[in-house]
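S.K.: Before anything else, here's the structure in question.
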Amino acid sequence: MPANLHNHLKQHFGFTEFLPGQREAVEHLLAGRSAAAVFPTGGGKSLCYQLPALLLPGLTLVVSPLIALMKDQIDALARRGIAADRLDSSLSLDEHRDVMQRIRGGALRLLYVAPERFNNERFRETIKPIHVSLFAVDEAHCISEWGHNFRPDYLKLAGFASLIQAERILALTATATPHVLGDICRRFDIAPECAIHTGFYRPNLTLLTTPVEASQRDEVLLARLQQRQSGPTIAYVTLQKTAERVAQKLADAGLQARAYHAGMKYDQRTAVQDWFIASDDHIVVATIAFGMGIDKANIRYVYHYNLPKSLENYSQEIGRAGRDGAPATCEMFAAGDDLCVLENFAYGDTPTHAAVLSLLTDVFSQGDRFDVGLYELSNRHDIRNLVTRTLLTYLELERYLQAGTPFYDSYQFQPRLTSQQILEQFDGARREFLRQMLSRSVKARTWFKLDVDSTAAALHQPRERLVRALEHLHEQQMLEVRAARVRNPYRCLQVPADIAALADELFQRSLTREAREIDRLHQVLDLVQHDGCQIARLCQYFGETLDSPCGHCTWCLGGHTPQVAPARAPTDIDAETWQQVEALRRERSELLNDPRVVARFLCGITSPRLTRTKLTQHGLFAHFDAVPFRVIMQRAT
């Protein structure tokens, strides 16, 4: 282990001291041990893998869920002369080719990828022979079903780390409760003594809660921005359309404000991010994706225009303020009208019992070995894609299924050289193999299609050899290759003795997840209305105890308990409109045959089947979006 860690810290990053927990994490990794680090937002998690990446001999592979985080960190590393890059869907063919060549040539110290990248057959074949010294997993709480942002792809990361023979793992998060941290360590096989948990408390953050009626929020936000000293500001909203509307209203008032949300094109989001980072007074009105990993220390204000959907989300978002240690203000506008929209997000992900049963019946009728397209499966059974992936992951964890390596159903290529020119680059058996492979392609207008499976069988070669060959020809600019339609292969390990009973179990599991998400939302309300120091209560949630009240939250500053502005009375379900609903249910009984689907439709929550059948364009779609989901579901029963 290098004895001069401080020298490396100063030389490469310009820091003279480690932040709390950083040195311990780095020392565990350099000693060959896997580690977990729970630091508050802005606590320096990224340095815990960036510094070891310079001191370890192989590649550091960083798994991160957001392109924005990758881009910002790579730009910062490039300014320090550190070789880092990313693979994501925004790269052009030439950019992708360049990164792959740098990986193979050992020119990169850090490579950033999204967890879904491991579903890419070409990537997995490329990374297998690479020496991966460190496998760093950011937002590691996503591996835990007890976390606030469970993602099924994270459940497989430990297996991928083993597959590529990563020497050590670093799991990082800012939002793990003690329960979630234990889950992270168990899944990644991290010893408890290698789990580092620094304090959540940030003394420079003032946390304010202001009861505001929904109709008054625009005026209150505008007043705050005009009255307070200007500084970089983020205003978080729930919906994309709200981000656009509020940003325009602020811009019309003469403020430097722009919207940011996932519905924007990548180039637009990047432009807004760069614009914000370079400023000292700009305002971004954003959905929750904005801010993760952005290296901007002087954010002075974070406003929650809408209620956050969990305490974990809230802590992440306020943690983006005041990373420079100077005072910063975080203010939440507490409007009860937000509850209905946020609850509907949770309800919208839960499939019907019939859909779960239909999915299981389909899967277990496929035989011992089969492959499926997840989007096709989702559409067929009217279950959102993420939920479909989650249900299949449950079946893997319960040892009903064993997933294979995802592959592309379709490969196409466009020659940049003639076949003769390509073959002249090779000799002997390799040349003959390529000749036979290329001869089996079928030309359309300008692209050739190659059925990889039938070609592999005809040539008595492993499928992987054909994929590697296409990748090589692509990298050498002999072919332009594109792949489409990911297929997920499975082997059936056992057929359940009672599929209906298993459907009951998985449906109940979905209902439990739904209830947990609703409970998270109400934990936000409990914090707002807590009769005591709000920051102390938030710290307690994350396993930290303050010795005394903070002195800089609404309760401490005002000596009273804040409230949530009451919601407007929900829209009445009038008899005349309900008659129209019942008539539509009779007319489209094949679609609207379950109270949950009816509630989804009337609340304006999309699903694969509602979208495919264009029922989302019907006049009754979203007609009762101000009525609680559970109220409509009871009425439709």
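The values are calculated or read from the model by the stated rules, or taken from the named source; none is laboratory data. Fair warning: this is a prediction, and the values are worked out from it, not measured in the lab. In this analysis, Cβ positions are derived from the backbone assuming ideal geometry, glycine residues included, and neighbour counts consider all displayed protein chains.
S.K.: Given the conditions (1) buried (at least 20 other Cβ atoms within 10 Å of the Cβ); (2) in contact with a strand residue (DSSP E or B) (Cβ under 6 Å, 6 or more places away or on another chain), report the number of the one that LYS309 does not fulfil.
M.R.: (2)
The rows are residues; the columns are (1) part of a helix (DSSP H, G or I); (2) buried (at least 21 other Cβ atoms within 10 Å of the Cβ); (3) in contact with a Leu (Cβ under 7 Å, 6 or more places away or on another chain).
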{"residue": "LEU91", "(1), (2), (3)": "no, no, no"}
{"residue": "ASP94", "(1), (2), (3)": "yes, no, no"}
{"residue": "ASP98", "(1), (2), (3)": "yes, no, no"}
{"residue": "THR126", "(1), (2), (3)": "yes, no, no"}
{"residue": "ALA161", "(1), (2), (3)": "yes, yes, no"}
{"residue": "ALA176", "(1), (2), (3)": "no, yes, no"}
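S.K.: While we're on this one: Pairs only if they're at least six apart or on different chains, beta carbon under 9 angstrom, first in the stretch 254-268 and assigned to a helix (DSSP H, G or I), second surrounded by 18 or more Cβ atoms within 10 Å (Cβ to Cβ); list them, first residue then second.
M.R.: Listed pairs, sorted by first residue: TYR266/ILE67; GLN268/TYR260.
S.K.: Consider LEU61 against the criteria (1) aliphatic (A, V, I, L, M); (2) under 27 Å from HIS197 (Cα atoms); (3) in a helix (DSSP H, G or I): it satisfies all of them except one. Which criterion is unmet?
M.R.: (3)
S.K.: Restricting to the stretch 22-41, give me the number of residues that are crowded, with 20+ Cβ neighbours inside 10 Å and part of a loop (DSSP other than H, G, I, E, B).
M.R.: Total meeting the criteria: 4.
S.K.: Here's something else I'd like to know. Could you pull out every one of the helices (runs of 4 or more DSSP H) wholly within the stretch 318-421 that has 1 or more residues that are among the β-branched types (Val, Ile, Thr)? Break it down into steps so the answer makes sense when it comes.
M.R.: Numbers: elements: 338-348, 353-363, 374-381, 385-397.
In the stretch 318-421, 338-348, 353-363, 385-397 are the helices (runs of 4 or more DSSP H) which contain 1 or more residues that are among the β-branched types (Val, Ile, Thr).
S.K.: Look at ALA235 and say whether it is of a type outside the set (Asp, Glu), assigned to a strand (DSSP E or B), closer than 23 Å to GLN73 by Cα and not assigned by TED's automatic domain parsing to the domain that holds PRO65.
M.R.: Considered against the rule, which asks whether it is of a type outside the set (Asp, Glu), assigned to a strand (DSSP E or B), closer than 23 Å to GLN73 by Cα and not assigned by TED's automatic domain parsing to the domain that holds PRO65, ALA235 comes out as yes.
S.K.: May I pose another question? Name the pairs: first residue in the stretch 337-349 and under 14 Å from ALA626 (Cβ atoms), second residue among the hydroxyl-bearing types (Ser, Thr, Tyr) and modelled with pLDDT of 90 or more, Cβ to Cβ under 7 Å, at least 6 apart or on different chains?
M.R.: ASP338/THR238; VAL341/THR238; LEU342/THR238
S.K.: Would you mind stating whether THR242 is part of a helix (DSSP H, G or I), under 15 Å from ASP218 (Cβ atoms) and touching a residue at least 60 places away in the same chain (Cβ under 8 Å)?
M.R.: So THR242 passes the test.
S.K.: Under 21 Å from HIS474 (Cβ atoms) and in contact (Cβ under 8 Å) with a residue 60 or more places away in the chain: which single residue out of THR126, THR177, THR173 fits that description?
M.R.: Numbers: THR177 fails: under 21 Å from HIS474 (Cβ atoms); THR173 fails: under 21 Å from HIS474 (Cβ atoms).
Just one listed residue meets the conditions, THR126.
S.K.: Quickly run through the stretch 429-446 and pick out the residues that are part of a loop (DSSP other than H, G, I, E, B) and either surrounded by 14 or more Cβ atoms within 10 Å (Cβ to Cβ) or of a type in the set (Ser, Thr, Tyr) (or both).
M.R.: ARG440, SER441, THR446
S.K.: Moving on to the next point. Which one is surrounded by the most Cβ atoms within 10 Å (Cβ to Cβ), of the residues in the stretch 47-78 that are in contact with a helix residue (DSSP H, G or I) (Cβ under 6 Å, 6 or more places away or on another chain) and among the polar types (S, T, N, Q)?
M.R.: THR60
S.K.: Among the numbered criteria (1) closer than 24 Å to ARG117 by Cβ; (2) assigned to a strand (DSSP E or B), which one does LYS449 miss?
M.R.: (1) is the only condition that LYS449 fails.
S.K.: Oh, and also: Residues of the stretch 19-57 being of a type in the set (Gly, Ala, Ser) and closer than 22 Å to GLY543 by Cβ, which ones?
M.R.: Residues satisfying the conditions are GLY21, ALA25, SER34, ALA35, ALA36, ALA37, GLY42, GLY43, GLY44.
S.K.: Name the residue that is farthest from the chain's Cα centre (by Cα), counting only residues in the stretch 496-553 that are in a loop (DSSP other than H, G, I, E, B) and among the polar types (S, T, N, Q).
M.R.: The qualifying residue farthest from the chain's Cα centre (by Cα) is SER548.
Yes/no matrix, rows are residues, columns are (1) over 19 Å from LEU311 (Cα atoms); (2) among the charged types (D, E, K, R):
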{"residue": "VAL99", "(1), (2)": "yes, no"}
{"residue": "GLY105", "(1), (2)": "yes, no"}
{"residue": "ARG117", "(1), (2)": "yes, yes"}
{"residue": "VAL137", "(1), (2)": "yes, no"}
{"residue": "LEU170", "(1), (2)": "yes, no"}
{"residue": "ALA174", "(1), (2)": "no, no"}
